[in-house]
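Down below is the structure, laid out as structure tokens.
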Amino acid sequence: MKPADVSKYIFTDFKKACHRQYKFANRTEQTFAFILENEPDVLKWMRPSLYQFRIYWSTKGQTYQPDFVAETDEFIYMIETKAADDIKTEEVQ
């Protein structure tokens, strides 16, 4: 599968995820989901639904939606994945 085609598919059979099926916007998100599935410290994870969280990050009222939420014995993490090319952009910084 080409990286550009990832968003066309539904991925299934996750064991630790809160849902059995997910779509991913890009290869980075898909790869990270498989990392979460295989990380022994991760108890469960999910991709939040649109508007599940109301996190505002600017004075313009822009909202933030994390790509993933993952739970371990000690913490619950909100995770934003980014491709290496995007790390240095102003918005990400």
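The values are calculated or read from the model by the stated rules, or taken from the named source; none is laboratory data. Nothing here was measured: the structure is a model prediction, and the numbers come from that model. Using ideal geometry, Cβ is built from the backbone for each residue, glycine included, and neighbour counts are taken over all protein chains shown. We work out accessible area using only protein heavy atoms, side chains counted, and drop any ligands, DNA or RNA first. Shrake-Rupley method; radii C 1.70, N 1.55, O 1.52, S 1.80 Å.
Quick look at the values:
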quantity	calculated
Count - residues of segment 1-12 that are loosely packed, with under 10 Cβ neighbours inside 10 Å and at pLDDT below 90	5
Segment 13-33 residues that are under 16 Å from Ser49 (Cβ atoms), paired with ones that are open to solvent by less than 90 Å² (accessible area, probe 1.4 Å) and in a helix (DSSP H, G or I) (beta carbon under 7 Å, 6 or more apart)	Phe14/Glu37; Tyr22/Ala33; Lys23/Ser7; Phe24/Val6; Phe24/Ser7; Phe24/Gln30; Phe24/Ala33; Ala25/Ser7
Residues of segment 13-36 that turn out to be within 24 Å of Ile87 (Cα to Cα) and either open to solvent by less than 90 Å² (accessible area, probe 1.4 Å) or outside any loop (DSSP other than H, G, I, E, B) (or both), as a count	13
